[in-house]
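For reference, the structure is listed below as structure tokens.
The values are calculated or read from the model by the stated rules, or taken from the named source; none is laboratory data. These numbers come from a predicted model, not from an experiment. All Cβ positions, even for glycine, are placed from backbone atoms using ideal geometry, and neighbour counts span all protein chains on display. Heads up: the accessible areas ignore ligands, DNA and RNA and are worked out on the full protein's heavy atoms, side chains in. Shrake-Rupley method; radii C 1.70, N 1.55, O 1.52, S 1.80 Å.
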Amino acid sequence: MVATKTKKVAVSSKRQIAIPKEFFDAIGIEKEIIMELNDGVIHIKPVRTHTDDFSEEILADVLEEGFTGNNILKEFQRRKNMIRPAISQMVKEALASTKPTSLDDLFGDDDED
């Protein structure tokens, strides 16, 4: 299950809002966002300026696991939104480690142990 966080945010007289730092960092906002209005709900997504896009791999997994209909899109979006926080966590762990991490340690098969 995906953790949900809620925060009340003030709206200025100019219709401006401030995104809480915790939310800003969690979704990896850089310089721009995309706002999408869907059934009365505003979704905020960061504009990615880098090329670490795993969309094809995520979609293939979602389809292979048997998701259908609207559940395909929901699961795809959920998994894609998990990438940035996961990479950030890996970087934090790597920086905190006293032992250097090799590429094989990061990306090698788990079955080789």
Taking the solvent-accessible surface of protein heavy atoms with a 1.4 Å probe, what is the per residue accessible area of the chain in Å²?
90 Å²
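Suppose we flag GluC sites (Glu not before Pro) only when DSSP calls them loop and at most 11 other Cβ atoms lie within 10 Å. Which is the longest uninterrupted stretch of the chain? Please report the intermediate quantities before stating the final value.
Values: sites that count: Glu30, Glu32, Glu65.
The reported range is 66-113.
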Thr98: accessible area at probe 1.4 Å, nearest 10 Å²?
140 Å²
With springs only between Cα atoms under 10 Å apart, run a GNM on the chain and tell me which of Leu37, Leu59, Leu103 wobbles the most.
Leu103
Loop sites in region 1-33: trypsin sites (Lys or Arg not before Pro), DSSP, at most 11 other Cβ within 10 Å
Lys5, Lys7, Lys8, Lys14, Arg15, Lys31
Treating only the Cβ of Lys, Arg, Asp and Glu as charged (+1, +1, -1, -1), what charge dipole size does the chain show about its Cα centre? Round to the nearest 20 debye.
1440 debye
If you take every residue apart from Asn71 with its C-beta less than 13 Å away from the C-beta of Asn71, what net charge results, scoring Lys and Arg +1 and Asp and Glu -1?
+1
Kirkwood hydrodynamic radius of the chain, Cα pairs, Å
17.2 Å
If I compute solvent accessible area with a 1.4 Å probe over the protein chains, what percent of it on the chain is carbon and sulfur?
55 percent
Proximal lysines relative to Lys21, as straight alpha-carbon distance under 19 Å, when same-chain residues fewer than 8 apart are discounted:
Lys5, Lys7, Lys8, Lys31, Lys45, Lys92
Kindly provide the chymotrypsin sites (Phe, Trp or Tyr not before Pro) of region 1-96 that DSSP labels as loop, not H, G, I, E or B, and whose Cβ sees at most 15 other Cβ atoms within 10 Å.
Phe54
Calculate how steeply helix 55-64 sits against the longest principal axis of the alpha-carbon atoms of the chain, using the helix alpha-carbon long axis, and give the answer as 0 to 90 degrees to the nearest 10.
80 degrees
Where Lys and Arg each count +1 and Asp and Glu each count -1, what net charge lies around Glu22 among other residues with Cβ under 12 Å from its Cβ?
+2
